[in-house]
Amino acid sequence: MPKGSDLFVAALENEGVDRIFGVPGEENLDLLESLRTSQIKLILTRHEQAAAFMAATHGRLTGRPGVCLATLGPGALNFSTGAAFAHLGAMPMILITGQKAVMSAKQARFQIVDIVALMKPLTKMTRQIVSAASIPSIIRDAFRVAMEERPGPVHLELPEDIAGDETEDVAVIARHPLERPIASPAAVDSAVEKILAAKRPLVMVGAAGSRPSLAEPLSTFVARTGLFFFNTQMGKGAVNGGSNLYVGTAALSEGDYVHEAIERADLIISIGHDTVEKPPFLMRSAGGPKVIHIGYQSATVEQVYHPDLEVIGDIGASVEALAARLEGRLSVHQGMADLRQQILARINDRSEENRFPVTPQRLVHDIRKVMPDDGIVCLDNGMYKIWFARNYRTHVANTLLLDNALATMGAGLPSAMMAAVLNPGRRVMAVCGDGGFMMNSQEMETAVRLGLNLVVVILNDSAYGMIRWKQAVDGFPDFGVSFGNPDFVRYAEAYGAKGSRVTAVQDLVPTLDAAFAGGGVHLVDVPIDYSENTRVLIDELRNRRPDVECA
């Protein structure tokens, strides 16, 4: 007779799971044994948080839930940041945790934490499994919930006695496609009418526009309509960033150069905006452009986002319907075309400056130079994220992965590792600040053990640079954000990786090219000059618009 853990693994195989990331414990041993004899590969990480980040990134890149595993108590608690990362970032993921036996209490309350209660605000669904026979239906439901719009994490707790319980063989439940509702014809009619009436319409692509299935319909929509577009940080790359219709990325909430186009627009067609992102622009109660919200779900009304019209349903079908009605009926607004050129010219200012340590503009310029169109750059969280959002031009969907929802540090390296696992033939780079890298740097061992080809760029300023910038923005003195670093080259070598240090700006491109050419895991230590944060993102933008705060 099969055990509960056998049913669990069979149900995972039925869902197409081929990898599980995690750190198992005593309470997972039956499940571990069932995995050992299955077709599913266990990828052992050095911390549960990294396993959750990898599983979430799997969901982000494929649209299918990544799966991660931890034991009870401390192991499960280490999943909490990864669960929030996936929940706010709308990434489908299944988190599996163990628990002590529920039919007995031979160890009293040792290590027991109410993880189901903990996970309730961090997931779409959380359940403790109390019957082996119910496992196939619970797992089918978990994957369905995780993938439905808005996608996100689902948590399942498998107690050790349920995992080891022998039961009658229960058949898995067949999968079926998730068919999304289509927007009403009346809503499409109203949107077409407003777009045709607008003099300066502008498209904004948000986080939900970056679903893997939307790259083609969104790019086709922009091409057929000829509408200028910008994107939020997490919407970056959903549409070909090399297009001559791309205006920029809203890396700040207001006051940046791209906001000149937003303010000049009389209508914003907001596709897939998710208000978990730091606002790309601020709607006001009076004045400013009207907003059409196109989404899988109705808009979340916020003080800074309250659309005038909503087109709710499958985004791909909605933009296809709009393109069919609008193609050939819209003309290019020359003023917006001229403004686009001015915005991009200002964003690219000083991108080839020869100062050392390297400036953010030069860093982004040189990384773009060494990355092919399909190369994937995964960012941790730090000041450089704003510079990549503003300056890095994408040419293929989902080739710049950043987090503008939870915006946690520590996710960059595990996310890049997942991208490298899924795309072994493409160049993959993690860009991390020295602070964020050290939060999960132990995963260098995992990356080496997996034989990944991965370049890890460490931006070295011996400080939490974004907090330092915000101190300056708010007029506070520099305090409490500086630290020391290890010798990163020797640190990489201690894990069996390769290490290099850039000592002159002209060495950055050849060092990165050599790191990719050499294969394996290669860390590159790059000293960074963040004085440009103050010059550009505070002084220059304030001088451009003294009436607007840089947010």
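The values are calculated or read from the model by the stated rules, or taken from the named source; none is laboratory data. None of these values were measured; they are calculated from a predicted model. Please note: Cβ atoms are built from the backbone with ideal geometry, for glycine as well, and neighbour counts cover all protein chains shown.
Please verify whether Met103 is surrounded by 17 or more Cβ atoms within 10 Å (Cβ to Cβ) and assigned by TED's automatic domain parsing to the domain that holds Asp18, treating the condition exactly as stated. Give the steps one after another, and end with the answer.
Working: surrounded by 17 or more Cβ atoms within 10 Å (Cβ to Cβ): no; assigned by TED's automatic domain parsing to the domain that holds Asp18: yes.
It is false that Met103 is surrounded by 17 or more Cβ atoms within 10 Å (Cβ to Cβ) and assigned by TED's automatic domain parsing to the domain that holds Asp18.
Look through Asp274, Asp256, Asp266 and report the one residue that is over 18 Å from Ala321 (Cβ atoms), acidic (Asp, Glu) and within 22 Å of the chain's Cα centre (by Cα). Unique residue meeting the criteria: Asp274.
On the stretch given as segment 209-238, residues that are at negative phi and in contact with a strand residue (DSSP E or B) (Cβ under 6 Å, 6 or more places away or on another chain) total 10. Residue count for segment 1-39, restricted to those that are in a loop (DSSP other than H, G, I, E, B), surrounded by fewer than 17 Cβ atoms within 10 Å (Cβ to Cβ) and aliphatic (A, V, I, L, M): 1. The residues in segment 199-235 that are buried (at least 19 other Cβ atoms within 10 Å of the Cβ) and either of a type in the set (A, V, I, L, M, F, W, C) or assigned by TED's automatic domain parsing to the domain that holds Thr408 (or both) can be counted, and the count is 16. When Ser318, Ser270 are checked against the criterion of being crowded, with 17+ Cβ neighbours inside 10 Å, part of a strand (DSSP E or B), out of contact with any Asp or Glu (no Cβ under 9 Å at 6 or more places or on another chain) and touching a residue at least 40 places away in the same chain (Cβ under 8 Å), Ser270 stands alone in meeting it. Of all residue pairs spaced 6 or more apart or on separate chains, those with beta-carbon atoms under 9 Å, a first member in segment 173-192 that is farther than 14 Å from Asp314 by Cβ and a second member that is hydroxyl-bearing (Ser, Thr, Tyr) are Ile173/Ser137; Ala191/Ser318.
Scanning segment 184-198 for residues that are in a helix (DSSP H, G or I) and either surrounded by fewer than 15 Cβ atoms within 10 Å (Cβ to Cβ) or among the aromatic types (Phe, Trp, Tyr) (or both) yields a count of 6.
Can you tell me which residue within segment 407-424, out of those that are surrounded by fewer than 24 Cβ atoms within 10 Å (Cβ to Cβ) and at pLDDT 95 or above, is farthest from Asp274 (Cα to Cα)?
So the residue we want is Pro424.
Being free of Cβ contacts under 8 Å to residues at least 24 places away in the same chain and either closer than 23 Å to Glu193 by Cβ or more than 22 Å from the chain's Cα centre (by Cα) (or both) is a description that applies to Ala286. In the condition set (1) under 28 Å from Phe85 (Cβ atoms); (2) out of contact with any Leu (no Cβ under 8 Å at 6 or more places or on another chain), Gln342 is compliant with all but (1). Figure legend. Inter-residue proximity from segment 438-463: first residues closer than 17 Å to Gly496 by Cβ, second residues surrounded by fewer than 24 Cβ atoms within 10 Å (Cβ to Cβ) and of a type in the set (Lys, Arg), beta-carbon distance below 7 Å, spacing 6+ or different chains. Indicated pairs: Gln442/Arg46; Glu443/Arg46; Glu445/Arg46; Thr446/Arg46.
The residues listed here are Leu95, Leu69, Leu42; of these, the one that is part of a strand (DSSP E or B), surrounded by fewer than 20 Cβ atoms within 10 Å (Cβ to Cβ) and in contact (Cβ under 8 Å) with a residue 12 or more places away in the chain is Leu42.
Scan segment 325-348 for residues that are surrounded by 13 or more Cβ atoms within 10 Å (Cβ to Cβ) and either in a loop (DSSP other than H, G, I, E, B) or modelled with pLDDT of 95 or more (or both) and the total you get is 6. Evaluating Glu157 against the criteria (1) of a type in the set (Asp, Glu); (2) within 23 Å of Glu33 (Cα to Cα); (3) surrounded by fewer than 20 Cβ atoms within 10 Å (Cβ to Cβ) leaves one unmet condition, (3). Among the residues of segment 527-538, is any surrounded by fewer than 19 Cβ atoms within 10 Å (Cβ to Cβ), modelled with pLDDT under 95 and closer than 15 Å to Asp434 by Cα? For segment 527-538, residues surrounded by fewer than 19 Cβ atoms within 10 Å (Cβ to Cβ), modelled with pLDDT under 95 and closer than 15 Å to Asp434 by Cα: present.
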